[in-house]
Each structure stands twice: as C-alpha cells, then as structure tokens.
Amino acid sequence: MPIDGPLLEQRLDELYAIGAEPDGGAYRPLYGPAWATAVERVERWLKDAGLKTRRDAVGNLWGRVEGTDKGKSIVTGSHIDTVRRGGRLDGALGIVAGLTAVEALLEEKGKPRRTLEVVAICEEEGSRFATNFWGSRAIVGAIDAVDGDMAVAMRERGLDPSRISTAARDDIDTFVELHIEQGAVLDASGKPLAVVSAIVGTAHLEVDVTGRPDHAGTTPMGLRQDALAGAAAMIQAVESIARSLGAPAVATVGKIRAEPDQINVVPARVVFTIDLRHSDLNARRALEERIRSLCHTIASERSLALEVRVLQEKPPVPMHPDVRSVLASAAKELGAQASEMVSGAGHDAQVLAARCKVGMLFVPSIGGRSHCPEEATKAEDVALGTKVLMRSLQKIAY
C-alpha cells in the first residue's frame, strides 16, 4: 500500500511553521497560542481523514475509527509540544506518520477489525511547566494535583482542572510510536530503521562538595581544601567509569556552580549534577554505586565534605515483545533492514507501558541532531518508517 510522501512532508512543514521562532526552530509550549493552533490543525486533518475527534480533560487530541469487533483500541501518535527552538520532527513525526498510516489503511482496507486511534499527546517535554509527560501521565491516571499556574493555563484553553482524572483510560491494548532517534547511533550504522528494545532508566544526582575558602595568593597548594579541584576530579571519574562500562551506559555532568565564584578565592563549595542512564536497572544501580564510591574516595583524599542527593529516579522500561515482533516482521516484509537498539531518551511510550503494550520504531536523525533547528531525517527514511508503521498497524488491527 502506498503512502502520500509529499503530503507527509507538507504536513510536517505546516506543523513546523506553527510557533516558528525568529532565530530558528519552533516553540509550541503547552496551552500556549502556538500549541492551540497546532492542535486545531491536526484536528482538521483527522476529521478530513474520516476520524471522529475529541479532546480529553488535559487537551490530548484523539482521532478514532471504530473497529468491527469489540475490544480495546490500537493507538499510534506522539506529542505535539516542543522544546524552545525545537526541531521539525520530534513528536510531530509520530503524529503525522500515524495519521498518514491510518488514512492509507482506511482508503485501501476499509474499516478495521479493531478500533484504531491517532493521538496528539498534549505535552511531553516539560518546556513551559515542570510537567514532563503531562499528557501520557493523564492517560494512565498518574496525575494527582495541578498547581496554580497550570490551572490558569488550562482554563484559558477551556479545560477544567478538576476533571483531569477523566482523561485516564483503561481501554487501550497497544500503543505504537514512530520517532526520530535523537542521537547518532542509527545514522552512524547506515541503517534506516531500528526497533526499540527498551527505554533507559535514569537517575539524576546532585553532588555537593564542600571545602574551605582561602586566599588564592597566600595559601600554598598543599594546604588547600579546594572544592572545585576535587569536583573536577570527580567529574573526570564520572566520565571514565561510564566509558569503561560501555554502551548503553552513559553519565553526564550537565550543571555546575562554584562558590564564592571569585577569581582570587579558593572555591569553598561546588554543586554539580549527574545524569545516569542504562537500559538494565541493576547495571544502572551498579554504575551509580561505582560513581558514588569513587567520589567519596576523592573527597576523603582531599579532606572535602561530600553529600550526594537523588533528585529523581526512573526505572528502565522494556518494549513489549509482541509489539517488537510485529514491528520487526513488518520491516522485513517491506524489505527494510531494521536493527534493534535501546532508546537513550525518554518517550511517552515508557509512561503508557503502565497501562498497555507499547512499541517504538526509530528512524535516523542526521548527524544525531535533535532539540534544535538542525534536526532532520531523510525524506525516504521518514516515508519508510511510516510504511513500516502502517504495515504494523495493519497486522495488529485488520
């Protein structure tokens, strides 16, 4: 079954133009004007394709075609919000490809046996409020409260914060998400597709190193308790440990601040963060333990005080074997060579896995670029990913 490649690219261009920023990229923050315009555009496309649309209590947009059999829905889609100066494909690809795939199936195969739905999830990025996975958390019933600013923003879009619980669903059987990889692994491999085996687990740590402030000119090197020099040794150790373990282990120090932050004072205190990721929970914990142990050793050797706090922790989420099998089979039937890989980034699928079977398909990000205006994927890879998604939905729903 063919897909309309030019229409697919045109729709991606239309979404990318919504929220376009002067210095490049697009920004569609949750419940903002650009977000609302994008939701309206996708809703029009869904209706034109013959799907019945509705918006739930948090603003997730659903397009539905009833199946001939009773039972739970087969859902595809992704998130419609973006980071600041976001790229053309992150989130948008999953929505547009899902719509294009379902549209083609309806034209060629008619009414499905199982109910098919396309969802534009209202928010995943957390780029306006501290609400990562807001849309998917609402779907699985994992939102307990809403703060004042969020409530105001919801009401501006005609949404009632007191009804958030009504967005929860227990009638979804399978969720399949097509996404760009957002890294360089697939692009470097030369393969056009990958079936995701798991989404990594994460731990965010905050490391607080305390030494002693002294005069930079009068304090000999051997008498210093330099918090920044100690932190630098720890940061180097973080990288070395992750490198020694190999893929898919990664560790990143992304934020650091020194006090008193003066050119002529030995730093008294340094606080830095560590982002740890691995697809195996035990391996991720072992990575964390090795880093903690070495940081404590460095602190002791340099007569520094050390405190390590856990800011957040999320377990790895395996993709459902049945869905992985369908995706791999669909790719093979279409003559596509699909590898298997772990996702180093988080996705709505990991949240929805609490309520249904989930699977993900990656297409390459050229140069590994994402969350920036340079984010791009070859048109032929976008088309191939959409065809494999369509074939997978056909195998599940028809």
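So which residues in the stretch 220-235 are open to solvent by 20 Å² or more (accessible area, probe 1.4 Å) and touching a residue at least 24 places away in the same chain (Cβ under 8 Å)? Please lay out each step first, then the result.
Going residue by residue through the stretch 220-235, those that are open to solvent by 20 Å² or more (accessible area, probe 1.4 Å) are 220-226, 228-229, 232-233, 235.
Arg224, Gln225, Asp226, Leu228, Ala229, Ala233, Ile235, listed by residue number.
Mind listing whichever residues of the stretch 188-209 are open to solvent by 10 Å² or more (accessible area, probe 1.4 Å) and touching a helix residue (DSSP H, G or I) at 6+ places or on another chain (Cβ under 6 Å)?
Once the filter is applied, which keeps residues that are open to solvent by 10 Å² or more (accessible area, probe 1.4 Å) and touching a helix residue (DSSP H, G or I) at 6+ places or on another chain (Cβ under 6 Å), the stretch 188-209 yields only Pro192.
Across the stretch 127-137, which residue is farthest from Ala349 (Cα to Cα) among those that are among the hydrophobic types (A, V, I, L, M, F, W, C) and either crowded, with 21+ Cβ neighbours inside 10 Å or modelled with pLDDT of 95 or more (or both)?
Checking each candidate, the answer is Trp134.
Restricting attention to the stretch 291-347, which residues are of a type in the set (Asp, Glu) and buried (at least 19 other Cβ atoms within 10 Å of the Cβ)?
Taking the stretch 291-347 and keeping what is of a type in the set (Asp, Glu), we get 301, 307, 313, 322, 333, 340.
Listed by number, the list is empty, since nothing qualifies.
Among the residues of the stretch 78-96, is there at least one that is touching an Asp or Glu at 6+ places or on another chain (Cβ under 7 Å), over 21 Å from Ser370 (Cα atoms) and modelled with pLDDT of 95 or more? Steps first, answer last, please.
Of all residues in the stretch 78-96, those touching an Asp or Glu at 6+ places or on another chain (Cβ under 7 Å) come to 78-79, 81-83, 85, 87-91, 94.
Right, trim to over 21 Å from Ser370 (Cα atoms) and you get none.
Taking every residue of the stretch 78-96 in turn, none turns out to be touching an Asp or Glu at 6+ places or on another chain (Cβ under 7 Å), over 21 Å from Ser370 (Cα atoms) and modelled with pLDDT of 95 or more.
If you go through the stretch 99-126, how many residues are surrounded by 21 or more Cβ atoms within 10 Å (Cβ to Cβ) and in a loop (DSSP other than H, G, I, E, B)?
Matching residues across the stretch 99-126 total 6.
Taking Met154 as meeting all but one of (1) farther than 25 Å from Val388 by Cα; (2) not in a helix (DSSP H, G or I), write down the number of the exception.
Tallying (1) farther than 25 Å from Val388 by Cα; (2) not in a helix (DSSP H, G or I), Met154 fails exactly one: (2).
Mind telling me which of the residues Ile396, Ile366 ends up being open to solvent by less than 50 Å² (accessible area, probe 1.4 Å), in contact (Cβ under 8 Å) with a residue 60 or more places away in the chain and aliphatic (A, V, I, L, M)? Reasoning before the result, please.
Numbers: Ile366 fails: open to solvent by less than 50 Å² (accessible area, probe 1.4 Å).
It is Ile396.
Among the candidates Thr166, Thr131, single out the residue that is in a helix (DSSP H, G or I), in contact (Cβ under 8 Å) with a residue 24 or more places away in the chain and of a type outside the set (Phe, Trp, Tyr). Give the derivation first.
Details: Thr131 fails: in a helix (DSSP H, G or I).
Of the residues listed, the single one that is in a helix (DSSP H, G or I), in contact (Cβ under 8 Å) with a residue 24 or more places away in the chain and of a type outside the set (Phe, Trp, Tyr) is Thr166.
Can you find a residue that is of a type in the set (S, T, N, Q), touching a Leu at 6+ places or on another chain (Cβ under 6 Å) and closer than 19 Å to Thr174 by Cβ anywhere in the stretch 68-84? Working first, answer last.
In the first step, residues of the stretch 68-84 are kept if they are of a type in the set (S, T, N, Q); the result is 68, 73, 76, 78, 82.
Subsequent filtering for residues that are touching a Leu at 6+ places or on another chain (Cβ under 6 Å) retains none.
Within the stretch 68-84 (the criterion being of a type in the set (S, T, N, Q), touching a Leu at 6+ places or on another chain (Cβ under 6 Å) and closer than 19 Å to Thr174 by Cβ), the answer is no, since none of the residues qualifies.
Report yes if some residue within the stretch 270-280 is at pLDDT below 95, closer than 30 Å to Met390 by Cα and open to solvent by 30 Å² or more (accessible area, probe 1.4 Å); otherwise report no.
Yes, that holds for at least one residue.
Hey, could you check the stretch 57-71 for residues that are more than 19 Å from Gly94 (Cα to Cα) and of a type outside the set (S, T, N, Q) and say which is surrounded by the fewest Cβ atoms within 10 Å (Cβ to Cβ)?
Here is the first cut: in the stretch 57-71, the residues more than 19 Å from Gly94 (Cα to Cα) are 57-58, 66-71.
In the following step, the residues that additionally are of a type outside the set (S, T, N, Q) were identified as 57-58, 66-67, 69-71.
Numbers: Ala57: 18, Val58: 28, Glu66: 14, Gly67: 18, Asp69: 10, Lys70: 8, Gly71: 11.
Ranking the qualifying residues of the stretch 57-71, first place goes to Lys70.
Looking at the stretch 343-365, can you tell me whether even one residue there is more than 15 Å from Val195 (Cα to Cα) and basic (Lys, Arg)?
yes
Of the residues that make up the stretch 244-252, is at least one open to solvent by 30 Å² or more (accessible area, probe 1.4 Å), touching a residue at least 24 places away in the same chain (Cβ under 8 Å) and closer than 26 Å to Ser136 by Cα?
Yes, the stretch 244-252 contains a residue that is open to solvent by 30 Å² or more (accessible area, probe 1.4 Å), touching a residue at least 24 places away in the same chain (Cβ under 8 Å) and closer than 26 Å to Ser136 by Cα.
Give Glu108, Glu156, Glu117, Glu125 a once-over and let me know the one that is in contact with a Ser or Thr (Cβ under 6 Å, 6 or more places away or on another chain), in contact (Cβ under 8 Å) with a residue 40 or more places away in the chain and charged (D, E, K, R). Please lay out each step first, then the result.
Details: Glu108 fails: in contact with a Ser or Thr (Cβ under 6 Å, 6 or more places away or on another chain); Glu156 fails: in contact with a Ser or Thr (Cβ under 6 Å, 6 or more places away or on another chain); Glu125 fails: in contact with a Ser or Thr (Cβ under 6 Å, 6 or more places away or on another chain).
Answer to the check: Glu117.
Do you know which residues across the stretch 147-177 are hydrophobic (A, V, I, L, M, F, W, C) and buried (at least 18 other Cβ atoms within 10 Å of the Cβ)? Walk me through it before giving the result.
Narrowing the stretch 147-177 to residues hydrophobic (A, V, I, L, M, F, W, C): 150-154, 159, 164, 167-168, 172, 175-176.
Within the stretch 147-177, Met150, Ala153, Met154, Leu159, Ile164, Ala167, Ile172, Phe175, Val176 meet the criteria.
The values are calculated or read from the model by the stated rules, or taken from the named source; none is laboratory data. Please read all numbers here as calculations on a predicted model, not as lab measurements. Cβ sites come from the backbone with ideal geometry, for glycine too, and all protein chains shown count toward neighbours. For the accessible areas, the whole protein counts, side chains as well, though only heavy atoms, and no ligand, DNA or RNA atoms are used. Shrake-Rupley method; radii C 1.70, N 1.55, O 1.52, S 1.80 Å.
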